[in-house]
Amino acid sequence: GLLALYEADFDSAWLVLAQKIQNIQDGRLGDDEGGYFYTSSEDKSLIRRSKDYHDGAKPNSNGVAVLNLMKLYHFTFEKRFFEKAKKSLLNAVADVSAYPSAHSQLLMAVDAYLDRFKEIAVIGQADDPQTRKLLAFLGAEFLPNAVVAFSEPDHADSLPLTKGCVMKEGKP
């Protein structure tokens, strides 16, 4: 949700918070073999910690986590996000291969992993009508396996995806 909020209003605080929460998830729920458990290792009352990859009435949290990791990687270029996504997918191969129709969310994550992700960096003045029109167009389109980042020219270095990007001939 925080990544979607960033792509809606381009407030970098959402990206910072998403990374913090991802770090908490990795620490409390992460499995060294890949994927995420439903409970913390600190809960000693549990006989077994469960982790699965199939969808139920809701999309599977491990599939959602892999998509989040892929997006975080493409926003930040931090390899650890990509490696965690890869490890999670490899851990789920047997389950997905046996019952693909039960793993829709994870299959979307596999598609994101295998596809060439689209990294769209928009540099422009926030109050410029052309910038607003471009961002509105990108926000209205369905762009699977893509991330959209925005920065004003004097703040482009604040996000790895926009670092080094410049306006073209004074236009966004």
Range of Cα positions in the range 1-121 per principal axis (Å), largest first: 45, 32, 28
Starting from the range 59-143, pick out the chymotrypsin sites (Phe, Trp or Tyr not before Pro) whose DSSP state is loop and whose Cβ has at most 12 other Cβ atoms within 10 Å. F142
Projected onto the charge dipole of the chain (unit charges on the beta-carbon of Lys, Arg, Asp and Glu, signs +1, +1, -1, -1), the Cα from L46, L138, F150 with the largest positive-side position is that of L46
Over the chain, relative contact order from alpha-carbon pairs under 8 Å, at least 6 apart, %: 20
With +1 on the Cβ of every Lys and Arg and -1 on the Cβ of every Asp and Glu, and nothing else charged, how large is the dipole of the range 49-172 about its Cα centre, in debye rounded to the nearest 20? 360
What is the ratio of the Cα radius of gyration of the range 52-161 to 2.2 N^0.38 Å, where N is its residue count, to two decimals? 1.26
Excluding residues fewer than 8 places away in the same chain, name every one of the lysines whose C-alpha is closer than 19 Å to that of K86. K51, K71, K118
Beta bridges by DSSP in the chain, antiparallel share as percent, to the nearest 5: 25
Just grab the label-to-label distance for E169 and Q25, each label 7 Å out from Cα along the Cβ direction, in nm (one decimal). 4.2
Taking 7 Å along the Cα-to-C-beta vector as the label spot, tell me the Y38-Q130 distance in nanometres, rounded to one decimal. 5.3
Residues with amide H under 5 Å of V122's amide H, sequence separation 5 or more or different chain, H placed in the peptide plane at 1.01 Å from N; which? A149, F150, S151
Per-residue ³J(HN,Hα) for the range 116-131, Karplus 6.51 cos²θ - 1.76 cosθ + 1.60, θ = phi - 60°, Hz, x for Gly and Pro: 7, 4, 9, 10, 10, 10, 10, 10, x, 7, 4, 8, 6, x, 5, 4
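Bear in mind these aren't lab numbers, they're just calculated from the coordinates by the rules spelled out. All values reported here derive from a predicted model rather than from experimental measurement. For neighbour counting, all protein chains shown are included, and Cβ atoms are generated from backbone atoms with ideal geometry for every residue, glycine included.
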